Amino acid sequence: MKTIRSGGRKAVALSVACALMLPMAAVPDMAHAQSKSKKASSREAELESRVNQLEQQLAELKAMIQEQKAATTQATATAQAAQTQAQQTDDKVAKVEKTVAAVPAKPTFTSAPGVSVALHGFINANAFTQSKGYTFGNGANAEYPIPGQGGRVNDSLSGVDIRNTRFWLDFTGAKFTENWGGGGRIEMDFFGGFNGTGPYSQQQPTPRLRQAYMDITNANTGTTFRVGQMWDLMFPLDYVPQSLSHIAFPLGYGTGVIGWRYPGVIWMQDLNHGSTGTKWRFDLAVLEGSWNGPGLTTNYLTAGNAGFKPQVEARITAKGSNWQAFAAGHYSKMDLHGVDGTVVTPIKSNIKSTAFEVGGMWMPGNFIVKSALYTGNAIGQIFGDLSQFGDIKDKGGYLQVGYKFTPNWSVYGFASASKPDEGDVLRWRAPNTAGLLKNRQQALSLQYTAGSYDLSVEWIHSNLDSTTTNGLGRQKTSANEFTLNGNYRF
């Protein structure tokens with residue numbers, strides 16, 4: 001800047017000197033001299049203005065250079081910090097990789113090339129006390145009280161039940177054809193009875209096969225064929241009432257909750273496979289026939305097994321973001337002459353079993369609501385009609401509302417009912433037995449969950465209306481069950 005300014009001022013001085021010396025070199029007239037003097041002054045002013053302009057531009061250029069230098073310094077510092085951080089990250093990654101490499105690899109449980117096997121289940125224990133004896137059994141499979149019990153002290157009982165304990169093996173990765181693959185499941189619990197009748201049998205429950213099926217699936221079309229023994233389509237598998245005491249025999253089972261496990265084939269088809277929004281699925285099942293006689297129920301000799309008369313069921317399901325609903329139907333036909341055709345039928349020789357059911361689940365916020373309603377006829381084999389077998393009409397359902405008021409604590413309220421037609425019950429009632437006319441069940445539970453552990457306290461109350469054993473009188477039986485429950489899921 002000094003060089004530019006010095007050169008500029010010298011030029012100005014030289015110009016001024018020349019302007020001053022011109023009158024002495026020649027002899028012009030005065031007017032001409034004055035004109036030149038004015039022009040020189042104007043030129044000097046222009047030059048001075050130009051010098052000032054150049055100085056201003058130089059200052060701006062210098063400021064820009066300073067800003068660029070500062071920016072370059074900052075960018076260099078940022079790059080150095082990023083390089084340091086990257087080096088630290090690399091060191092951490094190397095340390096983690098070294099640590100992981102030092103941990104022994106978990107062995108993979110396989111059964112065939114490409115097939116993996118996973119073991120899952122839960123360990124369940126219930127300490128219970130109940131005021132009466134229950135149908136099907138006591139403890140974890142108490143559903144409704146045995147009719148006609150009085151208020152004697154000896155009607156009450158208590159114990160600890162671990163029969164809900166369950167485990168299963170899931171098989172995945174099986175290859176069928178180029179587009180078809182699948183897997184399967186084997187599931188067992190310990191409701192197969194007790195090991196004998198001696199004094200030590202109560203502590204030795206017998207394992208029971210629940211489900212054993214294979215899946216053949218086409219992932220491209222959303223099609224699955226399930227073959228084996230599994231839950232029928234009337235059982236609300238995705239909407240089972242929450243309970244830690246009644247798992248294998250759910251709350252309301254036979255009193256609003258219907259369905260059972262059968263061998264057969266189920267075709268499951270996604271109706272809008274690959275699309276967004278509500279998911280729709282259609283299921284169609286052909287299952288083994290079943291009834292409560294005549295003949296041996298353990299050797300395929302019942303009225304439901306006579307001839308090729310399978311149970312046919314269908315279900316459609318819709319599933320949204322926080323809800324899902326279903327509608328299901330059931331049909332089968334029983335020949336009461338039995339497999340050998342020689343049994344004298346009690347009232348009529350053939351019975352048609354039909355049922356229709358709707359239900360679903362809704363989860364708004366911290367609430368969860370589960371419910372189902374059904375109406376049917378001759379559905380004792382799927383736990384309808386209060387498990388009475390005959391041409392008996394029945395209707396029932398259940399409702400459970402739960403609320404999770406902390407991440408660990410939740411509370412559930414439950415109510416269910418089953419009401420077979422009284423005239424049908426009286427007509428098909430076995431001699432010297434009480435006819436079951438109506439049952440209502442209510443339950444409350446407080447549950448604490450942390451990780452894989454669940455703890456709860458539950459209260460279950462049942463009210464049963466029935467006939468006397470001669471069919472003439474009417475009686476009411478109520479019972480309570482209190483349980484403390486622990487569950488560990490794996």
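The values are calculated or read from the model by the stated rules, or taken from the named source; none is laboratory data. For clarity, every value in this text was computed on a predicted model and none was experimentally measured. With ideal geometry, Cβ positions are generated from the backbone for all residues, glycine too; neighbour counts draw on all protein chains shown.
A few notes on this one:
- Breaking point among (1) buried (at least 18 other Cβ atoms within 10 Å of the Cβ); (2) at pLDDT 95 or above; (3) outside any loop (DSSP other than H, G, I, E, B), for N164: (3)
- If the condition is being crowded, with 19+ Cβ neighbours inside 10 Å and among the charged types (D, E, K, R), then the range 211-259 contributes D215, R226, D232.
- Residue check: G338 meets all listed conditions (1) part of a loop (DSSP other than H, G, I, E, B); (2) over 23 Å from the mean Cα position of the chain (by Cα); (3) closer than 30 Å to V240 by Cβ but one, namely (3).
- Within the range 225-253, residues that are touching a residue at least 24 places away in the same chain (Cβ under 8 Å) have Cβ atoms under 7 Å from residues that are surrounded by fewer than 20 Cβ atoms within 10 Å (Cβ to Cβ) and part of a loop (DSSP other than H, G, I, E, B) in these pairs: D232/W260; F235/W260; F249/F136, counting only partners at least 6 apart in sequence or on another chain.
- Note on the range 126-140: residues that are closer than 13 Å to E458 by Cβ and in contact (Cβ under 8 Å) with a residue 60 or more places away in the chain amount to 6.
- Leading residue by the ranking (surrounded by the most Cβ atoms within 10 Å (Cβ to Cβ)) among those in the range 384-419 that are among the hydrophobic types (A, V, I, L, M, F, W, C) and closer than 29 Å to N322 by Cβ: F414
- Hey, V344 in a strand (DSSP E or B), surrounded by fewer than 19 Cβ atoms within 10 Å (Cβ to Cβ), among the β-branched types (V, I, T) and without any contact (Cβ under 8 Å) to a residue 40 or more places away in the chain or not: no
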